[in-house]
1. Rule-of-thumb check for region 2-64: C-alpha Rg over 2.2 N^0.38 Å?
2. If Lys and Arg each add +1 and Asp and Glu each add -1, what is the summed charge of the other residues whose beta carbon sits under 12 Å from the beta carbon of residue 3?
3. For residue 12, what is the net charge nearby, where nearby means another residue's Cβ is under 14 Å from its Cβ and Lys, Arg count +1, Asp, Glu -1?
4. Which one, 13, 60, 47, has the greatest fluctuation when you compute a Gaussian network model over the chain with C-alpha springs under 10 angstrom?
5. Under a point spin-label approximation (7 Å from Cα along Cα-to-Cβ), what is the residue 54-residue 66 distance to one decimal in nm?
6. Relative to the longest principal axis of the C-alpha atoms of the chain, give the angle of the C-alpha long axis of helix 17-26, reported between 0 and 90° and rounded to the nearest 10°.
7. Using 0.36 nm times the number of residues separating residue 4 and residue 33, minus their current alpha carbon distance, what extension gain do you get?
8. Could you give each residue of region 40-46 its phi-based ³J(HN,Hα) in whole Hz, using Karplus coefficients 6.51, -1.76, 1.60 with θ = phi - 60°, and x for Gly or Pro?
Amino acid sequence: MQVDLIITLNEDSLSNLNSVVERLKQQGVAVSDVTTYGVIMGKGDSSLISKLSKDKEIESVIEDYYTQLPPPESGIQ
């Protein structure tokens with residue numbers, strides 16, 4: 001199942017940011033945004049989370065999810 005991913009590099013790997021992004025793409029991550037401070041956002045199969053978490057250059061991999069609150073004027077549910 002495809003999920004939204006937020007991948008954070010460890011501080012020592014910031015100099016390798018471009019090579020890490022290319023490696024993520026090769027592993028099946030559809031990268032949508034990359035920040036200069038080492039946060040990579042994209043989509044990938046949920047099975048990638050545990051695989052990528054073992055990478056020594058990656059600090060964390062989490063699934064991004066969305067929530068929506070009802071408008072303030074709506075009734076209590």
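Each value in this text was obtained by applying a stated rule to the coordinates, not by laboratory testing. Just so you know, these numbers come straight off a predicted model, no measurement behind them. Counting neighbours? That spans all protein chains shown, and the Cβs are built from the backbone with ideal geometry, glycine included.
1. Working: Rg = 10.1 Å, N = 63, 2.2 N^0.38 = 10.6 Å.
Normalised by 2.2 N^0.38 Å, the Cα Rg of region 2-64 equals 0.95.
2. Working: positive: 43; negative: 4, 45, 63, 64.
Its environment carries a net charge of -3.
3. Values: positive: 56; negative: 11, 55, 57, 59.
Around residue 12, the surrounding residues sum to -3.
4. Among 13, 60, 47, the largest GNM mean-square fluctuation belongs to 47.
5. Between residue 54 and residue 66, the label points sit 3.3 nm apart.
6. 80 degrees
7. Values: separation 29, 0.36 × 29 = 10.44 nm, distance 1.15 nm.
Length gained, residue 4 through residue 33: 9.3 nm.
8. Karplus-based 3J(HN,Hα) across region 40-46 equals 10, 10, x, 10, x, 5, 4 Hz.
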